[in-house]
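The values are calculated or read from the model by the stated rules, or taken from the named source; none is laboratory data. Note that the structure is a prediction, hence the values are computed from the model and not measured. All Cβ positions, glycine included, derive from the backbone under ideal geometry; neighbour counts span all protein chains shown. SASA here: full protein model, heavy atoms, side chains in, ligands and nucleic acids out. Shrake-Rupley method; radii C 1.70, N 1.55, O 1.52, S 1.80 Å.
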Amino acid sequence: MSELEPIEYETGTAVRDYDILKITQTALGYEVLLDINLDSGYSLTGTKLEITHEDLQGYETNEIEECIKYALGFFGNLSQ
């Protein structure tokens with residue numbers, strides 16, 4: 001966000017899909033480089049996501065790919 005005064009915004013668009021480009025282990029967890037496609041038609045290229053060891057515990061998984069999925073809001077098919 002900008003360094004200007006914060007403004008209240010409504011929630012934006014959803015993530016349609018994503019591609020994991022690179023996963024690097026760090027002292028605090030993982031640094032993940034992603035390309036993200038949004039439902040609005042826009043995309044975020046070369047986006048960095050930091051996942052901590054605490055994030056993995058919070059999502060109750062040891063798999064970094066599962067944690068990335070959950071962090072981006074993919075929690076399974078709710079219609080089943």
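Looking only at residues of the stretch 28-41 that are open to solvent by 60 Å² or more (accessible area, probe 1.4 Å) and modelled with pLDDT of 95 or more, we find that the one that is nearest to residue 12 (Cα to Cα) is 33. What's the number of the condition residue 22 fails, among (1) surrounded by 14 or more Cβ atoms within 10 Å (Cβ to Cβ); (2) assigned to a strand (DSSP E or B)? Of the numbered conditions (1) surrounded by 14 or more Cβ atoms within 10 Å (Cβ to Cβ); (2) assigned to a strand (DSSP E or B), the odd one out for residue 22 is (1). Scanning the stretch 1-19 for residues that are assigned to a loop (DSSP other than H, G, I, E, B) and touching an Asp or Glu at 6+ places or on another chain (Cβ under 8 Å), we see that the one that is most open to solvent (accessible area, probe 1.4 Å) is 13. The set of residues in the stretch 47-71 being open to solvent by less than 50 Å² (accessible area, probe 1.4 Å) and closer than 18 Å to residue 24 by Cβ consists of 47, 49, 51, 52, 56, 64, 67, 68, 71. Given the conditions (1) among the β-branched types (Val, Ile, Thr); (2) touching a Phe, Trp or Tyr at 6+ places or on another chain (Cβ under 8 Å); (3) modelled with pLDDT under 90, which single one is not true for residue 11? With (1) among the β-branched types (Val, Ile, Thr); (2) touching a Phe, Trp or Tyr at 6+ places or on another chain (Cβ under 8 Å); (3) modelled with pLDDT under 90 applied to residue 11, the lone miss is (2).
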